[in-house]
Amino acid sequence: MFGFDCAQSVIGHPAYRHVLCDIREEALPLRPDCEILINNAGTLEERDAIDVNLSGSIRFTEHFLPCESLRSVLFIASASARNGAEFPRYVASKAGVVGYMKYLAVTLAARGVTVNSISPGGVITPANRHILENEELYRAVLAETLLGKWATAEEIAELAYFLTVQNRSMTGEDLLVDNGEMLKSNFIW
């Protein structure tokens, strides 16, 4: 199992090999043959969002498309791709990822490769520390969901496992995991 990132690894497993790289760079690392490709590239930094989240994701994914053993590709997009919330370039980049996923699903169907994406809403991660550690702000964002909670990283990982390892029939789909935030509305008659 390989992981590619511009940051040092936080994974300590004997079967894991970490490769330091920036997916925006021209020279990508040696391409190991792979069966499953999970593209989780992402930054909230507006100045880098298009280059990393969209262009970098496309470049990196296309680097692995020649792998003959490839059987599943998964992208981590964002609920923001659907509702336009957050920052403009971030929203555009994640919406572009969903569009590219659909294109790739059509392109790779003849090879039997499934291609899907997950669009999480709020997820409990260090990137959201500024919300999680502010009790008033956290209560406010939880109130925006039907279930009154955010997803855990483990929940997203379990869905990713299903989509890439167990799934053989679903392709071209973007799964929204937002605890009902998109459905939450205050209907006024």
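Charge dipole of the chain (Cα centre as origin; +1 on each Lys and Arg Cβ, -1 on each Asp and Glu Cβ, all else neutral): 420 debye, rounded to the nearest 20. Projecting the Cα positions of 140, 99, 7 onto the charge dipole of the chain (unit charges on Cβ atoms of Lys, Arg, Asp and Glu, taken about the Cα centre) puts 99 furthest along the positive direction.
Rounded to the nearest 20 debye, the dipole size of segment 28-139 about its Cα centre is 340 debye, using +1 on the Cβ of Lys and Arg and -1 on the Cβ of Asp and Glu. The alpha carbon centroids of segment 86-129 and segment 155-187 are separated by 11 Å.
Heavy-atom accessible area, probed at 1.4 angstrom with all protein chains present, ranks 100, 161, 138 as 161, 138, 100, highest first. Using the Kyte-Doolittle scale, which helices in the chain average at least 0.5 and also have C-alpha atoms spread 18 Å or more along the helix axis, with helices defined as whole DSSP H runs? Within the chain the helices that satisfy the rule are 88-108.
Helices in the chain, meaning DSSP H runs of at least 4 residues, each add -39500 (n - 2.57). Divided by all residues, the mean residue ellipticity at 222 nm is -8000 deg cm²/dmol. Computed on protein heavy atoms with a 1.4 Å probe, the accessible areas place 106, 165, 52 in the order 106, 165, 52, largest first. The relative contact order of the chain comes to 19 percent, based on Cα pairs under 8 Å that sit 6 or more residues apart. When 119, 185 are compared by accessible surface with a 1.4 Å probe, the order from highest to lowest is 185, 119. Could you work out the local net charge near residue 145, counting Lys and Arg as +1, Asp and Glu as -1, over the other residues with Cβ closer than 15 Å to its Cβ? Here the charged neighbours net out to 0.
The values are calculated or read from the model by the stated rules, or taken from the named source; none is laboratory data. Treat the numbers as computed from the prediction; the structure is a model and nothing was measured. No Cβ is skipped: glycine too gets one built from the backbone with ideal geometry, and neighbour counts run over all protein chains shown. When the accessible area is computed, the model is the full protein with side chains, heavy atoms only, and any ligands, DNA or RNA have been set aside. Shrake-Rupley method; radii C 1.70, N 1.55, O 1.52, S 1.80 Å.
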